[in-house]
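Rule-based calculations on the coordinates, nothing more; no lab input. Given the structure is predicted, the values throughout are model-derived calculations rather than measurements. Here Cβ is always computed from backbone atoms with ideal geometry, including for glycine, and neighbour counts include all displayed protein chains.
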Ligand SMILES: [Zn+2]
């Protein structure tokens, strides 16, 4: 079994950080495709193509959705 972790990267500070998780491959594919093409998803916790990032130094950066990383969990 696997989960699909959404990953963002801040343009300002360069930090990679996690967003929401999808527990099915179909949900991961659909929400990633929606974000990619700017379609507002009805799915809870669906990633947006951009998010605001509060950087470590207190700055506000713009973070881009990088994709969903498949993470295999032990059975
Ligand atoms: Zn940042």
- Message: Helix-only estimate, please: 222 nm mean residue ellipticity of the chain, summing -39500 (n - 2.57) across DSSP H runs of length 4 or more and dividing by its residues, to the nearest 500.
- Response: -5000 deg cm²/dmol
- Rounded to the nearest 0.05, what FRET efficiency do residue 64 and residue 29 have when you use their Cβ-Cβ distance and R0 = 22 Å? 0.70
- Item | Label-point gap, in nm, between residue 54 and residue 17 - each point 7 angstrom along Cα→Cβ | 0.8 nm
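List the relative contact order of the chain as a percent without decimals, with contacts defined as Cα pairs under 8 Å and 6+ residues apart.
Computed value for the chain: 43 percent relative contact order.
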- Message: Could you compute how fast segment 2-70 diffuses translationally, taking Rh as the Kirkwood radius over C-alpha pairs and applying Stokes-Einstein at 37 °C with viscosity 0.692 mPa s? Give it in µm² per second.
- Response: 270 µm²/s
